[in-house]
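Comments concern the structure below.
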Amino acid sequence: MAGIQRRTVLAAVGGTVAAGGAVGSGLMGSGTAHAAQSAAVPAPAKAHSGPHEAKVRSLLARMTVEEKLGQLQQLPWSYNTGPGGAETKDVEDAARKGRLGSVLSIFGARSSNALQRIAVEESRLGIPLLFGLDVIHGFWTTFPIPLAQAASFDPEVSKRDGEVSAKEARSNGVHWTFAPMMDVTHEPRWGRIAESCGEDPHLTSAFAAAKVHGYQGKNAGELDAKDRLAACAKHFVAYGGAEGGRDYNTVDVSESRLRNFYLPPFKAALDAGVATVMASFNTIGGVPAHGNTHTLTEILKGEWGFDGMVVSDWTGVQELIAHGFAEDGADAARLTLNAGVDMEMTSTNLVAHGKQLLKSGRIKADRLDEAVSRILRLKFALGLFAHPYVEESAEITEPSKQARAAARETGARSMVLLKNEDDTLPLSASASSIAVVGPFGDSSDLLGTWVMPAAQEKFPSVKVLDAVRKAAPGAKVRYARGVDAEGKDLSGIPEAVAAAKAADVTVVVVGEPPAISGEAAARSDISLPGAQEKLIAAVAETGKPFVVVLVNGRPLTIGGWLEQAPAVLEAWHPGVEAGNAIADVLFGAVNPGGKLPATFPRSAGQIPVYYNHENTGRPYDPDNKYTSKYLDLPHGPQFAFGFGLSYTTFEVGEPRLSGSRIAAGALRKGDTVEVAVPVTNTGERAGDEVVQLYVHDRAASIAQPVRRLAGFRRVGLAAGKSRTVRFRLGAADLGFWSNDPHGEFRIEPGAIDVYVGNSSQAEAKVTLTIG
Ligand code: BGC
């Protein structure tokens, strides 16, 4: 589906771009504020000394300007037509002429080989193409959405997704995935929260690193393996700060917020070896990320020494004009290249205007060579010159048994138990009658956002209804939809009520269709769409036991019906094994152990509400009107970050420090403090608890969040068993970035409160002094 919509965008935007030829007045003449930006471009990174350098240099020396500019171009391939089809002819022609570096959204061993053959065998230099695809939470085997994966608080979940996806995609000719997405956000209205790891930089960093390792392998130099993909850290940067949660919207952040909140996951991905980075659609303080020298060149390529490639987002270069930043296509090309973007996705400004810009000195030959080198280096690292084609007989065409098992396990591992009054859950597999009601009870559309149409068609998700029937083979299982997912028609409710009345227990499966989460899917009201709440109320009125299973791509406002529901399981969009994973948890084969990676607000009017906020000068006081609160809402979230129940109970004990004082200098040298935390399974079943550690710097030169996550560990414990979890706190956990644009990390003397527990509302505390 995404592919089809995108064709239209290409025709509308790409066409104009290619046709437009007006050359802007340039650096000297434009007189615009950002002319200075271009002038300030730092010198290209120091001479590279990687294993492919000699080959990159010798190839570069043989390339014409057109061929160099061609490497900077990425064009989309259609999902609808195969090689030779009319719509893909432009792509093939560009490949033949050596005017193309990369293609996105092509897959399949035969199709990709056919296109590759044109580049390798018919173009003058035979430089292979780089094939990219959005393999976000699965290729054939769809895993739970990234937000769900984060809820597992187990980065291994994302590593496994990465490994399975890389193997399937690479065998289909894909070299590069546009993942992981690591935009930290406080905005549940923003549809793309589904693709993110939620609201915490520490959690997101851990998942970002794990996913990069899953795709690329842990060691540098594995990219040429048959089961690896180059990863892409996106979207750089602060895209999750979109005002009002409206996609693509403006972002204005301080340097300290940028560095403490949005940047850390990207740094973690870099440290994990990520091969590429994608620029984001937003502005940052008025400067679009695609033209932002500060973030792309000063921080990413300069301060952090990133030597991989930066790709634009889809028409992100062209959009510099709509932002009101570039005058025309030539200006957009100049601004983006000079700011640090190396490859242009979909729009064609660099190839269209690059030569003219070079001639007039508005872009430099050195910078062009540097961008091309970054792209060629990646192609060498992927082994494309030595092995441009994939083995057609080895193409993976369906999920393997093991891959499905991994998707099922991770689906169940990502679920969060929000409420469970009177042990309503787990359900008994020997129940004699069960009703399944709700628009998603019999739905195979639980894969989530970012699924290839071909995967959706061939490998839809297992339905909850089918899985319940399998899990409780002796039960009479009756289904009634009740209401549809988004409409207002209540006529199906009586049938659902009759089914609930006749059953021992009812499973109400409600939520969001995947199409209303993800890109371009912001919602202003994040309650259950349509008349779904009415269905819950009608089932509640029967007085019979029931559980609500939520399938959704974002935190929801749960409102009034929470009181009525005895049990609520947050299942997210769980992927191809959705029904089975849900049944595993409902019937207790898996004891839920996930935790919320993002706050659930009480109402949309309370957004943004997040755990890692600053205190204000007038923190909430119920007895004082003149403190920070809403008059018409109880204070605080509906469900806090890090919250989640289990079918057993746990006790997280008092934290102990290895020393109560540490010098800032010692921290800078790499010393750490150990925090030991006892945890006991105090119930009667085995289960998992996520032990969480938060820090709060009481007084600092820049006010610090009331808490921020600095450690977490998911541990499995048999009934009655205990263990001690140990964390180490170092400089990165105890210091913070200041507002200095050149990057100043401060570790200040004073008291740090260290909280441990099983949610962000943990109370057990110990104080560490930085002396
Ligand atoms: C999205 C990116 C994606 C790209 C290519 C854009 O609209 O923002 O995340 O990788 O399209 O499909």
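I'd like to know if segment 155-172 contains one or more residues that are of a type in the set (Ser, Thr, Tyr), buried (at least 24 other Cβ atoms within 10 Å of the Cβ) and more than 16 Å from the ligand (Cβ to nearest atom). Steps first, please.
First, pick out the residues of segment 155-172 that are of a type in the set (Ser, Thr, Tyr): 158, 165, 171.
Going one step further and asking which of them are buried (at least 24 other Cβ atoms within 10 Å of the Cβ), we end up with 158, 165.
Now drop any that are not more than 16 Å from the ligand (Cβ to nearest atom), which leaves 158.
Yes, segment 155-172 contains at least one residue that is of a type in the set (Ser, Thr, Tyr), buried (at least 24 other Cβ atoms within 10 Å of the Cβ) and more than 16 Å from the ligand (Cβ to nearest atom).
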Complete set of residues in segment 418-428 that are crowded, with 18+ Cβ neighbours inside 10 Å and either aliphatic (A, V, I, L, M) or more than 13 Å from Pro592 (Cβ to Cβ) (or both): Leu418, Leu425, Leu427
Residue check, Glu674 outside any strand (DSSP E or B) and over 30 Å from Pro619 (Cβ atoms): no
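Looking at Val287, Val253 in this structure, which one is closer than 25 Å to Phe207 by Cβ, open to solvent by 20 Å² or more (accessible area, probe 1.4 Å), β-branched (Val, Ile, Thr) and away from the ligand (no atom under 16 Å from the Cβ)?
Details: Val287 fails: closer than 25 Å to Phe207 by Cβ.
Val253 is the lone residue from the list that is closer than 25 Å to Phe207 by Cβ, open to solvent by 20 Å² or more (accessible area, probe 1.4 Å), β-branched (Val, Ile, Thr) and away from the ligand (no atom under 16 Å from the Cβ).
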Selection within segment 261-276 - open to solvent by less than 10 Å² (accessible area, probe 1.4 Å) and part of a helix (DSSP H, G or I): Pro265, Phe266, Ala269
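With closer than 21 Å to Ala119 by Cα and surrounded by fewer than 24 Cβ atoms within 10 Å (Cβ to Cβ) as the only criterion, which of Glu327, Glu392 stands out?
Working: Glu327 fails: closer than 21 Å to Ala119 by Cα.
Of the residues listed, the single one that is closer than 21 Å to Ala119 by Cα and surrounded by fewer than 24 Cβ atoms within 10 Å (Cβ to Cβ) is Glu392.
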Test: residue in segment 402-409 that is assigned by TED's automatic domain parsing to the domain that holds Glu563, away from the ligand (no atom under 16 Å from the Cβ), modelled with pLDDT of 95 or more and part of a helix (DSSP H, G or I): no
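Of the residues that make up segment 233-246, is at least one touching a residue at least 40 places away in the same chain (Cβ under 8 Å), within 16 Å of the ligand (Cβ to nearest atom), part of a loop (DSSP other than H, G, I, E, B) and open to solvent by 20 Å² or more (accessible area, probe 1.4 Å)? Full working, then the answer.
From segment 233-246, those touching a residue at least 40 places away in the same chain (Cβ under 8 Å) are 233-242, 244-246; that's our starting set.
Those still in the list that are within 16 Å of the ligand (Cβ to nearest atom) too: 233-242, 245-246.
Checking which are part of a loop (DSSP other than H, G, I, E, B) leaves us with 237-238, 242, 246.
Narrowing further to those that are open to solvent by 20 Å² or more (accessible area, probe 1.4 Å): 246.
Yes; the residues of segment 233-246 include at least one that is touching a residue at least 40 places away in the same chain (Cβ under 8 Å), within 16 Å of the ligand (Cβ to nearest atom), part of a loop (DSSP other than H, G, I, E, B) and open to solvent by 20 Å² or more (accessible area, probe 1.4 Å).
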Identity of the residue in segment 122-154, without any contact (Cβ under 8 Å) to a residue 60 or more places away in the chain and open to solvent by 10 Å² or more (accessible area, probe 1.4 Å), that ends up nearest to the ligand (Cβ to nearest atom): Ser123
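Please go through segment 332-357 and give me each residue that is part of a helix (DSSP H, G or I) and either β-branched (Val, Ile, Thr) or over 31 Å from the mean Cα position of the chain (by Cα) (or both), ordered by number. Can you show your working first?
Residues of segment 332-357 that are part of a helix (DSSP H, G or I), as a first pass: 332-339, 349-357.
Thr336, Val351, Ala352, His353, Gly354, Lys355, Gln356, Leu357, listed by residue number.
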Unmet requirement for Thr297, which otherwise passes all of (1) more than 16 Å from the ligand (Cβ to nearest atom); (2) out of contact with any helix residue (DSSP H, G or I) (no Cβ under 7 Å at 6 or more places or on another chain): (2)
Yes/no for Glu763 being in the same structural domain as Val673 (by TED's automatic domain parsing), acidic (Asp, Glu) and loosely packed, with under 14 Cβ neighbours inside 10 Å: yes
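The values are calculated or read from the model by the stated rules, or taken from the named source; none is laboratory data. What you see is a predicted model, and the numbers here were worked out from it, not measured in a lab. Neighbour counts run over all protein chains shown; Cβ positions are idealised from the backbone, glycine included. Accessible surface is based on the protein model in full, side chains and every heavy atom, while ligands, DNA and RNA are left aside. Shrake-Rupley method; radii C 1.70, N 1.55, O 1.52, S 1.80 Å.
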